[in-house]
Amino acid sequence: MLTDKLKKVIRQSYKAIGENLKNFNPRKQQTFLIAEISKTLAGEYSKDRKIITIEAGTGTGKSLAYSLGAIPLALSREKKVCISTATVALQEQLVDKDLPFLKSHAGLKFEFALVKGRQRYVCRQKLAQAVTTDAPQAGFTFAEKPKATDIRSLNSMHKALNDGSWLGDIDSWKSPIPHHIWSQVQSDKHSCLKTLSDHAHCPFHKARETMEQADVLVVNHSLLLADLELGGGRILTPLDETFYIIDEAHHLPKVTRDHSSASITLRGAIDWLSKLRETGDKMAKLIKSQRAISPALKLSDDCQDLLIEMQKVLTFVENNANVYFLDTQSKGNNNFAKNDEQIFRFENGIIPKSLKNWAEDCNELSKKSLSHLNKLYSALIESVKDGDTQMYLAEPVLSEAGFMLQRLENLQRLWHMYAKTDSDKAAPMARWLQKQEPHKGNARQDYLLCAAPIEVGFTLEDKLWSQCEGAVLCSATLLALNSFDHFRFQAGLKNNDGSQYQQVTSPFDYQNNAQLVVAKMNNEPSAVEFTEELISKLPKYLAQGNASLVLFSSYWQMEKVAQALRDKLKLNIAVQGEHSRQHIIDNHKKQCDDNKESIIFGTQSFSEGLDLPGDYLNNLIITKLPFSVPTSPVEQAQAEYISAKGGNPFMSLSVPDTSKKLVQACGRLLRNEMDEGVITLMDKRVVTKRYGKQILDSLPPFARVFEH
């Protein structure tokens, strides 16, 4: 229960915020949210299920609401608050603006920290070795030879880290660091251990010390999932001592699925596995103890057997390549081309019997190899700690073993997913093969073997919702077709277990400030003539405002329309992809500030997270309902599974997803209470198709105009 004392603290904090925030208007939606969040987390609705899911429309001030609803309660109960976001932009807003303001003006004493994944930090030792030309491991780890500019960057980073002008995280380095360089010097969980004196002062460990002092942690969804994968409380704070705020929660199911998937290249894996025995031998030689002999011998034997089984799989795939990878012209739904790489998906996740048998063997052998390598690794660490092995000799071998351990873990996970027999009661695993074109300088054909779960709700329930002290899930778009059902299913939530659900509408005056025009179109978007119709009709709609954003569903169509309008009408159009997103936005704002007409053409990525308040956007044109074709193997497998159960994948997946995306796209127009403008929808299906009314009714209550 919330005590009177705590209620008073929250009320006083809100009042203090209002007195110090410019143009602050107390909003009943915001005070309602603060109350609902604090009551849920305090256990007033359910002592066992302190979870609330909130769709809070633009302008409700949800970050202040969840901060005031959770932080005072957490402080009073000696719990931590972990705020997880999907985008860097929101993380920066929280850490640079919202939380410092709250800390300064709300009368609450708390510390906060931005927590990044280990791989965002440099490893001091690896960096030192990378700038030493005769480092023993340089030849092993640098797969791509560093250029002179890379060497200069590494030397600059080393100097800046040592003189304290750089804290050692990739995000604060002054220029982009190529992936092939950063991957050699980044911290990793195997070789960058605090227990080794040389690593005690690594940037990662220093950052973790700051985290331990903090009451509020700001993370991203990927780091949250990485922690859950390790059992929770390994990277972040223990689950049962933490209130989780999942902001931008609509991204969580996809991030969870990405984290739960695995892939390997067959030839690539065979190549590095052939070096694994050598790594084991190097470790055994450095360990001055008899206990290293047995795991080193076992690693050698199991690794040899694993290589034999992997070679069988490669031969099998090569022998069936003509069956699996057909020409694009003759492909059915099962195969499709993407970025010139060909993909074959196993129907219903069922793989051939022989492949399943090899997968079972590979799973067992990779598990055993992992166990042997871990034993050797631990023994070498102990040998260094005991002073039996010198650190400078062990360091490069530990680093090499760290790479191998990460690869082995991924290999074992992939084979586990192929060896697993899917349950009849749940969705099968999506399993597929991808043909990789030979890289320059490497004529050998390789194949990517992939697996991913179709549904991840049970993972989130098992690892997060059932374990944590409490959780708030929020976003401006969680409802699909005016219901939480679609999101609830994706995220593993239930309706009747004490979990709370709230939809809080935006304080904006949609009826008077915005108009939704459904354009009269002769063609559906699938018609060949649709592009030409867009070219002929867009100028009329562009004239409705001087700050326009036009959203397309395909790059090809966007570029064709832009070229035609530039040629015919000499229009000055900023097209996504021709410049960086930031350059387009900055230039657009400058044009608007100079009272000049400005037009942006963008695709789906411009319909989310783009903030153009006031005069920066008054004319939003959506050329087509944002239906996405299930092109990824996982989406195809999900649609196949729903069909197999007698469902309709279009109505149960595509329509709700499109409804959500359209709400997001329309959310670009009104960003503040005084904003005004017009939204034009150039897709006749909203009036001609059965699902059209459902989609329109899920939008905010704009004044509607249907052209005849």
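Where a number appears in this text, it was derived from the coordinates with a stated rule and is not lab data. Keep in mind the model is a prediction, meaning the values are calculated, not measured. So basically every Cβ, Gly included, is an ideal-geometry build from the backbone, and we count neighbours across all protein chains shown.
Things to note:
- Taking 0.36 nm per residue of separation and subtracting the current Cα-Cα distance, fully stretching the chain between A527 and F316 would add 71.7 nm.
- Taken along the Cα-to-beta-carbon direction at a fixed 7 Å, the label points for W556 and L448 span 2.2 nm.
- For L473, residues with placed amide H under 5 Å, excluding near neighbours: I52, T53, I54, I246
- Fewest-first sequence of Y121, Y616 by Cβ atoms within 10 Å of each Cβ: Y616, Y121
- Rounded tilt (10° steps) of 4-20 against the dominant C-alpha axis of the chain: 70
- Amide N of the range 58-84 lying under 16 Å from the label point, which is placed 7 angstrom from the Cα of D240 along Cα→Cβ: 78-80
- For H105 and Q511, a Förster radius of 30 Å and the Cβ-Cβ distance give a FRET efficiency of 0.30, rounded to the nearest 0.05.
- For the range 510-706: relative contact order, % (alpha-carbon pairs under 8 angstrom, 6 or more apart): 37
- The range 583-666: radius of gyration over Cα atoms, expressed as a fraction of 2.2 N^0.38 Å: 1.50
- Other residues within the sphere of radius under 9 Å centred on the Cβ of G492, judged by their own Cβ, net out at -1 (K and R +1, D and E -1).
- With the simple model of a label 7 Å out from the Cα in the direction of the Cβ, V629 to V131 spans 5.1 nm.
- Fewest-first ranking of H190, H180, using other Cβ atoms within 10 Å as the exposure measure: H180, H190
- The Cα-based radius of gyration and maximum Cα-Cα distance (Dmax) for the chain are 27.9, 87 Å.
- Rg/Rh for the range 263-449, where both radii come from Cα atoms and Rh is the Kirkwood radius: 1.06
- Dividing the mean sequence gap of close Cα pairs (under 8 Å, 6+ apart) by how many residues the chain holds gives a relative contact order of 17 percent.
- Prolate/oblate/rounded call for the range 375-486, Cα gyration tensor, a/c under 1.5 rounded: oblate
- Percent RCO, i.e. relative contact order, over the range 263-449, from Cα pairs under 8 Å lying at least 6 residues apart: 34
- Partner lysines for K285 [C-alpha distance under 18 Å; skip if fewer than 8 residues away on the same chain]: K275, K298, K375, K385
- Using alpha carbons only, the radius of gyration of the range 510-706 set against its Kirkwood radius gives Rg/Rh = 0.97.
- Note on H179 and K589: the extension gain reaches 144.4 nm, defined as 0.36 nm multiplied by sequence separation minus the Cα-Cα distance.
- The simple Förster model, with R0 at 60 Å and r as the Cβ-Cβ distance, assigns T688 and K8 a FRET efficiency of 0.60.
- Lysines with Cα under 22 Å of K147, excluding same-chain neighbours fewer than 8 positions away: K126, K159, K174, K440
- Considering helices alone, the calculated mean residue ellipticity of the chain at 222 nm is -14500 deg cm²/dmol, with DSSP H runs of length four and up weighted by -39500 (n - 2.57) and normalised per residue.
- Residues whose placed amide H lies under 5 Å from that of T237, excluding near-sequence neighbours: none
- If R0 is taken as 56 Å, the Cβ-Cβ distance between N648 and L167 corresponds to a FRET efficiency of 0.60.
- Extended-chain gain in nm, criterion 0.36 nm per residue less alpha-carbon gap, R291 and E19: 91.1 nm
- Hits among lysines - C-alpha to C-alpha of K590 under 21 Å, sequence gap 8 or more where chains match: K570
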